[in-house]
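Below: one structure, written as structure tokens.
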Amino acid sequence: MGQLRQQEERVGQHYDALSDLEAVRLDRHCPVEFAVTARCLRRWVPEGAKVADVGVGGGRYAELLAGHGCSVHLADVSPNLLDAAQERLKRAGLQDRLLGVSRAAATDLGGLPTGEFDTVLLLGPLYHLAKPEERHQAVREAARLLKPHGCLFAAGINRLTYLRDLFRESPLEVVPRRAFHEGYLRDGNLDPGHAPPIGYAHLTTVAGFRELFVVGFEEVALLGVEAFTGPWQQTLASLPPDAAEAWLDLIERTAATPEGLGMADHFLYVGTKRPAG
């Protein structure tokens, strides 16, 4: 795999500093995001699948799939996240499900074999690729790794979430940021000066996200993961199991609608690789 570029190193350093937060983010702060994504993984990833987890976060999805009997290869630009994901698998007694570990960017996975994975996860890297050609390259790399008809899971962040959060937290910033917002509405790109929690990032539209996958994949689902729960998703963790499952059923039923996509923080694309030719 090639040497990381400056931008990729910066993203890696950003997540190195946030590795403790990433370890608990899904369970503690984003239970709907995790629960809906987990439902989709259980539904479409077969037991025993060979999985490339590209952009491992805190390793929560790797742990889920390893516990489902899958073998997992971890790839990320952050050494701290890779270490944390490996430690999570070890604590769960799932270290024998680990195929390997690569410090690598989603745009250059050349050290991983072509056509040998049943499933590829891109549940984070597309947030941090500012140029359209970089995002397309990451999707091509995922397609290269997959077997024919293999399954891709990819996540994007709704472009309007930045504006929603700015309006809620710092509404007076709209005047000094007027010029920035003109560019942001065109390209969706953020930087640490305007969005410190996510740093250098790309937030997308439904149409722009879907377009990434048209050439190489057949769409299975496109969901607005949180649907109507948005900033209130932590409520799910306080509910008894029957109520939580009932709400998750409603979230899933609405997540693929235009309204559900529009209200969601994250988009989840599920698609199968089209055979060559």
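The values are calculated or read from the model by the stated rules, or taken from the named source; none is laboratory data. As the structure is a computational prediction, the values presented were derived from the model and not from experiment. Using ideal geometry, Cβ is built from the backbone for each residue, glycine included, and neighbour counts are taken over all protein chains shown.
Go through the range 208-222 and count every residue that is surrounded by 15 or more Cβ atoms within 10 Å (Cβ to Cβ) and part of a helix (DSSP H, G or I).
Going through the range 208-222, the residues surrounded by 15 or more Cβ atoms within 10 Å (Cβ to Cβ) turn out to be 208-210, 212-213, 216-217, 220-222.
Then keep just the ones that are part of a helix (DSSP H, G or I); that gives 208-210.
The qualifying residues number 3.
When only residues in the range 239-260 that are touching a residue at least 60 places away in the same chain (Cβ under 8 Å) and either out of contact with any Lys or Arg (no Cβ under 9 Å at 6 or more places or on another chain) or not acidic (Asp, Glu) (or both) count, which is farthest from residue 150 (Cα to Cα)?
244
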Cβ pairs under 7 Å, 6+ apart or interchain, first in the range 110-124 and polar (S, T, N, Q), second outside any strand (DSSP E or B) and at pLDDT 95 or above, ordered by first then second residue, are 114/144; 114/145; 119/45; 119/49
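Taking the condition of being of a type in the set (Asp, Glu) and surrounded by fewer than 17 Cβ atoms within 10 Å (Cβ to Cβ), how many residues in the range 68-82 meet it? Working first, answer last.
First, the residues of the range 68-82 that are of a type in the set (Asp, Glu): 76.
Okay, now just the ones that are also surrounded by fewer than 17 Cβ atoms within 10 Å (Cβ to Cβ), so none.
Selection size over the range 68-82: 0.
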The one condition in (1) outside any helix (DSSP H, G or I); (2) charged (D, E, K, R); (3) exposed (fewer than 12 other Cβ atoms within 10 Å of the Cβ) that residue 226 fails to fulfil: (3)
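Got at least one residue in the range 29-38 being more than 27 Å from residue 219 (Cβ to Cβ), touching a residue at least 60 places away in the same chain (Cβ under 8 Å) and assigned to a loop (DSSP other than H, G, I, E, B)? Walk me through it before giving the result.
Let us first name the residues in the range 29-38 that are more than 27 Å from residue 219 (Cβ to Cβ), namely 29.
Checking the rest, the ones that are also touching a residue at least 60 places away in the same chain (Cβ under 8 Å) come to 29.
Those left that are additionally assigned to a loop (DSSP other than H, G, I, E, B): none.
No, because not a single residue in the range 29-38 is more than 27 Å from residue 219 (Cβ to Cβ), touching a residue at least 60 places away in the same chain (Cβ under 8 Å) and assigned to a loop (DSSP other than H, G, I, E, B).
Might you let me know whether the range 182-191 holds any residue that is assigned to a loop (DSSP other than H, G, I, E, B), crowded, with 19+ Cβ neighbours inside 10 Å and free of Cβ contacts under 8 Å to residues at least 40 places away in the same chain? Walk me through how you get there before you give the answer.
Within the range 182-191, the first condition is being assigned to a loop (DSSP other than H, G, I, E, B), and the residues that meet it are 188, 191.
Those still in the list that are crowded, with 19+ Cβ neighbours inside 10 Å too: 188.
Subset that is free of Cβ contacts under 8 Å to residues at least 40 places away in the same chain: 188.
Yes, there is a match, as at least one residue in the range 182-191 is assigned to a loop (DSSP other than H, G, I, E, B), crowded, with 19+ Cβ neighbours inside 10 Å and free of Cβ contacts under 8 Å to residues at least 40 places away in the same chain.
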Selection over the range 92-106 where residues are free of Cβ contacts under 8 Å to residues at least 60 places away in the same chain, buried (at least 17 other Cβ atoms within 10 Å of the Cβ) and either over 22 Å from the mean Cα position of the chain (by Cα) or part of a loop (DSSP other than H, G, I, E, B) (or both) yields a count of 2
Would you be able to say whether some residue in the range 128-146 is at pLDDT 95 or above, in a strand (DSSP E or B) and either of a type outside the set (S, T, N, Q) or out of contact with any helix residue (DSSP H, G or I) (no Cβ under 7 Å at 6 or more places or on another chain) (or both)? yes
Check off (1) over 24 Å from residue 226 (Cα atoms); (2) surrounded by 23 or more Cβ atoms within 10 Å (Cβ to Cβ) for residue 32 and give me the number that stays unchecked. (1)
Taking residue 41 as the residue in question, decide whether it is within 15 Å of the chain's Cα centre (by Cα), modelled with pLDDT of 95 or more and either part of a helix (DSSP H, G or I) or surrounded by fewer than 22 Cβ atoms within 10 Å (Cβ to Cβ) (or both). yes
Does residue 88 satisfy being in a helix (DSSP H, G or I), touching a Lys or Arg at 6+ places or on another chain (Cβ under 8 Å), touching a residue at least 60 places away in the same chain (Cβ under 8 Å) and of a type outside the set (Phe, Trp, Tyr)? yes
Test set (1) surrounded by 11 or more Cβ atoms within 10 Å (Cβ to Cβ); (2) part of a helix (DSSP H, G or I) - residue 199 fails condition number: (2)
With the requirement that a residue be part of a helix (DSSP H, G or I), surrounded by fewer than 15 Cβ atoms within 10 Å (Cβ to Cβ) and among the hydrophobic types (A, V, I, L, M, F, W, C), what does the range 1-28 give you? 17, 21, 24
Checking residue 116 against (1) closer than 19 Å to residue 46 by Cα; (2) crowded, with 24+ Cβ neighbours inside 10 Å; (3) acidic (Asp, Glu), only one condition comes out false. Which one? (2)
Does at least one position in the range 56-74 carry a residue that is over 30 Å from residue 189 (Cβ atoms), assigned to a helix (DSSP H, G or I) and out of contact with any helix residue (DSSP H, G or I) (no Cβ under 7 Å at 6 or more places or on another chain)? yes
